[in-house]
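Take this structure first; my questions come after.
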Amino acid sequence: MSTTTPAAPARRWPAVPGPLRTGAGFALAAVVLFAVAPAVLSDFRLGLLGKFLCFAIVAAGIGLAWGRGGMLTLGQGLFFGMGAYVMAMHLKLADAQVRGDAVPDFMSIAGVRDVPGWWQPFASPVVTLLVVLLAPGAVAVLLGLMVFKRRVKGAYFAILSQALAAALATWVVGQQMLGGSNGLNRFRTFFGFDLSDPANRRLLFFIAAGTLLVVVAVVRQLMRSRYGELLVAVRDQEERVRFLGYDPANVKVVAYTVAATFAGIAGALFVPLVGIISPSDVGIVPSISFLIGVAIGGRDTLLGPVLGAIGIAWAESSLSESFPSAWVYAQGALFIVVVGFLPGGLASLGGVLRRRGRPAERVPHEEPDEPASVRTTEPEKEPVA
Amino acid sequence: MSTHTPSTRTERDPLFGGNAGMGSEYLEVRGLSVTFDGFKAVQDVDLTLLQGDLRFLIGPNGAGKTTVIDAITGLVPATGKVNKSGTQLLGRKTHQIARSGVGRTFQTASVFEELTVLQNLDIAAGAGRSPWTMLRRRPGVEPRIAEVLDTIGLASLAEVRAGILAHGQKQWLEIGMLLVGNADVLLLDEPVAGMSKEEREQTGQLLRRIGAERTVVVVEHDMDFMRQFATSVTVLARGRVIAEGSVAEVQADPRVQEVYLGTTAAAEYTAEIGGA
Ligand SMILES: Nc1ncnc2c1ncn2[C@@H]1O[C@H](COP(=O)(O)OP(=O)(O)O)[C@@H](O)[C@H]1O
Ligand SMILES: [Mg+2]
């Protein structure tokens, strides 16, 4: 067709870096996490960074489900909490076993003689790990199929997932066997390793760092795969995808399940790193915080969510030490500014600056030499850059 | 575009009544009705579409043309029967109907703007891919996609983001997306609306070529365009089929002239058939 003049392919800053930059990026991240951080940070600060890495693992999943898949995952605290409480139950049982007690310490204080039946499977490390890895994903599959097959609209999905996170937090508060609102804490060992030993705590940090790298690699592969392209298509035009023979519900469920699984793993790592899990770590507030870091970092990109989550968590812990009440407002304000003025997050800042003063991208095409003979519907639309 | 002659296909032109004889693919619509809150948008429509027949579906605005396509593709609930070469379509889900080989385009082009032309086509070609294939990267350009890129004249724009294509190019991309998906029934809703004369001409040629071995229905208002490319025509007014036949037959039909000219006789006719 004569109107299609060959155009220089419009280059965009890729949301997913190519192999060379990725290799360099992974190498750099590995050096920072495995060599620099342990060398320059105190044990306390390293533990803090480990906690931020857990949030980053959650954020990587949100980046996939929300940034790429358009699902506003406002309730990741649900899956984070599942992973965390399952791990916490196992650690309490293992501690009791090490000390030769029949029940975990907080239960014996409460006068409980026997471990409740529903706790017992988590005495096994294998069962615990399997449940951590599989249960959040299984719940996400069920929930996702229920919601997406019925074509529940985005806002209702967000509200529903948030309500479930709130429900989990409320339920846990009422569970004396889960420590109620105090949560579960004072863990002494982690799969046989003494948690008071700084060397073991460093090992734990390395596990979190390694997990984060794997998670980022998985998300990168998904984003670059055909599935990743389809996911973006579903995000932008769900109905259109149906007419090409796909069921968008299945496409969304995959990303949602991956995000849930990551959140569960992060929760399980959070428990030994931080030493406590309580309802306030799994309810609405943490669920929203996860999202804020992702939005600020740039939800559509590979690294934006990860760096955003770490940055926000770091800012929170350093600012809330000095201005505890101001932080909440600062976080809210930052969120509004970014979402309002920089929807792509900080990751899009470079692109925005680069585009300044350059003509908008468009394909050169000859203008029609005469108007269409009959204008039947809307007039010809100008292609928008 | 006349320079692109697909080498692998037998060159047959679309014909009135189809060009494939017995045993050809078909789409048979019987008694199709669609009601919106008591308003009968489509009433008792019968259509028999044969492979190799380039059928135009015309009619004034609001006649129900888009609704007929919506009903066939499962977008709106309908009563009646839609039979595609032996398979009943009505009542099945949209994506299942699409998988059975019925493709459609929309009045306003709806390509995936954030993705490149090639990515758009690759997605359209892939509804049957295995999970394993989906989780890996696109290795290169599949031959059938390369062929379609040539057919729709977008080969040089394969790596361009679809959102920045010109209006006509988006419509061609949409048609290409149906071709790579191996749809053999193509329902095109006003594919040349808003196109320049030259683009219309090119699109008409494209429709003729792809219509040779598929069942193609084109919704269109433009009578010149219809005269030039249709092999058969169905005229819809107020949700009913009022005429059907060759271009000449339909043009000679007084009721069609009435509908298009808006005479008093047309009003009488619609009163006679009980239109609202
Ligand atoms: N979803 C809908 N709800 C209610 N009325 C509709 C809907 N879609 C179409 N209609 C009505 O049905 C009639 C036929 O519309 P349509 O099929 O779009 O006409 P055409 O494509 O021939 O211009 C119009 O009167 C329109 O207002
Ligand atoms: Mg219409």
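The values are calculated or read from the model by the stated rules, or taken from the named source; none is laboratory data. Just so you know, these numbers come straight off a predicted model, no measurement behind them. Reconstructed Cβ throughout: ideal geometry from the backbone, glycine too, with neighbour counts over all protein chains shown. With ligands, DNA and RNA removed, areas are computed over all heavy atoms of the protein, side chains included. Shrake-Rupley method; radii C 1.70, N 1.55, O 1.52, S 1.80 Å.
Counting each DSSP H run of 4 or more residues in chain B as -39500 (n - 2.57), what helix-only mean residue ellipticity at 222 nm follows after dividing by all residues, to the nearest 500 deg cm²/dmol?
Computed ellipticity for chain B at 222 nm equals -9500 deg cm²/dmol.
Any idea what the relative contact order of chain A is, in percent, if you count C-alpha pairs under 8 Å spaced at least 6 apart? Each step should come with its number before you reach the end.
Numbers: 531 pairs, mean separation 119.0, N = 385.
Value for chain A: 31 percent.
Ordering A:101, A:114 by accessible area with a probe of 1.4 Å, largest first, what comes out? Don't jump to the answer; show the numbers that get you there.
Values: A:101 65, A:114 115 Å².
Output order, biggest surface exposure first: A:114, A:101.
Here is a further query. Please give the helix B:167-180 orientation as an angle from the longest Cα principal axis of chain B, in degrees from 0 to 90, rounded to the nearest 10.
80 degrees
Turning to a different aspect of this structure: Grab the beta carbon distance between residue B:156 and residue A:28, set R0 = 35 Å, and tell me the FRET efficiency rounded to 0.05.
Details: r = 38 Å, r/R0 = 1.08.
With a Förster radius of 35 Å, E is 0.40.
Quote to one decimal, in nm, the extra length available between residue A:323 and residue A:176 on full extension: 0.36 nm per residue of separation minus the C-alpha distance between them. The partial results should precede the final answer.
Working: separation 147, 0.36 × 147 = 52.92 nm, distance 3.34 nm.
Going from the current span to full extension adds 49.6 nm.
Another question, then. At a Förster distance of 30 Å, what's the computed FRET efficiency of residue A:159 paired with residue B:39, Cβ-Cβ distance as r, to 0.05?
0.35
Take residue A:151, project a point 7 Å from its Cα along the Cβ direction, then tell me which residues of the range B:65-98 have their backbone nitrogen under 18 Å from it.
Label zone hits: B:66-79, B:89-98.
Calculate how steeply helix B:197-211 sits against the longest principal axis of the alpha-carbon atoms of chain B, using the helix alpha-carbon long axis, and give the answer as 0 to 90 degrees to the nearest 10.
80 degrees
Here is a follow-up. Can you tell me the length gained on complete extension of the stretch residue A:35 to residue A:207, counting 0.36 nm per residue apart and subtracting the Cα distance?
Fully extending the segment from residue A:35 to residue A:207 adds 60.6 nm.
Please state the charge dipole magnitude for the range B:21-245, taken about the Cα centre, from unit charges on C-beta atoms (+1 on K and R, -1 on D and E), reported in debye and rounded to the nearest 20.
For the range B:21-245, the charge dipole is close to 600 debye.
For chain B, calculate the relative contact order in percent as a whole number, restricting contacts to Cα pairs under 8 Å that are 6 or more residues apart.
That works out to 27 percent.
Once both axes come from the Cα atoms, what is the angle between helix A:284-297 and the longest principal axis of chain A, in degrees from 0 to 90, rounded to 10?
Result, in degrees: 40.
If I take R0 = 35 Å and measure r between the Cβ atoms of residue B:248 and residue B:30 in this structure, what FRET efficiency does the formula 1/(1 + (r/R0)^6) give, to the nearest 0.05?
Efficiency computed from Cβ-Cβ geometry: 0.85.
Still on this model: What figure in square angstrom, to the nearest 10, would you give for the accessible area of residue A:327 with a 1.4 Å probe?
About 20 Å², ignoring ligands and nucleic acids.
Calculate the radius of gyration of the Cα atoms of the protein assembly as shown to one decimal place, then report Dmax, the largest Cα-Cα distance, as a whole number, both in Å.
Calculated on Cα positions, Rg and Dmax stand at 30.3, 99 Å.
Moving to a separate point now. In percent, how large is the relative contact order of the range B:109-237, given Cα pairs closer than 8 Å and 6 or more residues apart?
Numbers: 132 pairs, mean separation 36.0, N = 129.
The normalised contact order for the range B:109-237 reaches 28 percent.
Could you check the spin-label model distance between residue B:135 and residue A:196? Points 7 Å from the Cα along Cα→Cβ, value in nm.
For residue B:135 paired with residue A:196, the spin-label model returns 4.4 nm.
How many percent of DSSP beta bridges within the range B:21-245 run antiparallel, rounded to 5?
Values: 21 of 37 bridges.
Antiparallel bridges make up about 55 percent of those DSSP assigns within the range B:21-245.
Find the centroid of the Cα atoms in the range A:13-73 and in the range B:201-241, then give the distance between the two in whole Å.
The range A:13-73 and the range B:201-241 have Cα centres spaced 55 Å from each other.
Determine the percent antiparallel among the DSSP beta bridges restricted to the protein assembly as shown, to the nearest 5.
Within the protein assembly as shown, antiparallel bridges account for around 60 percent of the total.
Something else about it: With the Cα gyration tensor of the range A:38-279 in hand, give its eigenvalues times 5 under a square root as the equivalent ellipsoid semi-axes, listed largest first in whole angstrom.
Three semi-axes, in Å: 35, 21, 14.
Sorting A:225, A:325, B:246 by accessible area (1.4 Å probe), largest first, what list results?
So the residues, ranked largest to smallest area, are A:325, B:246, A:225.
Report the net charge of residues surrounding residue A:185, where surrounding means a beta-carbon distance below 13 angstrom and charges are Lys +1, Arg +1, Asp -1, Glu -1.
Result for the neighbourhood of residue A:185: 0.
For the pairs A:149/B:40; B:65/B:197; B:40/B:81; B:170/B:197; B:84/B:170; A:153/B:65, note any where the Cα-Cα span goes beyond 26 Å.
Where the Cα-Cα span goes over 26 Å, the pairs concerned are A:149/B:40; B:84/B:170; A:153/B:65.
With the Cα gyration tensor of the range B:21-245 in hand, give its eigenvalues times 5 under a square root as the equivalent ellipsoid semi-axes, listed largest first in whole angstrom. Show your work: numbers first, answer last.
On the way: eigenvalues 162, 85, 53 Å².
Ellipsoid semi-axes (Å, largest first): 28, 21, 16.
Heavy atoms only, 1.4 Å probe, whole protein assembly: order B:37, B:150 by accessible area, highest first.
B:37, B:150
Using a 1.4 Å probe on the protein heavy atoms only, what accessible surface does residue B:238 show? Give it in Å² to the nearest 10.
It works out to around 120 Å².
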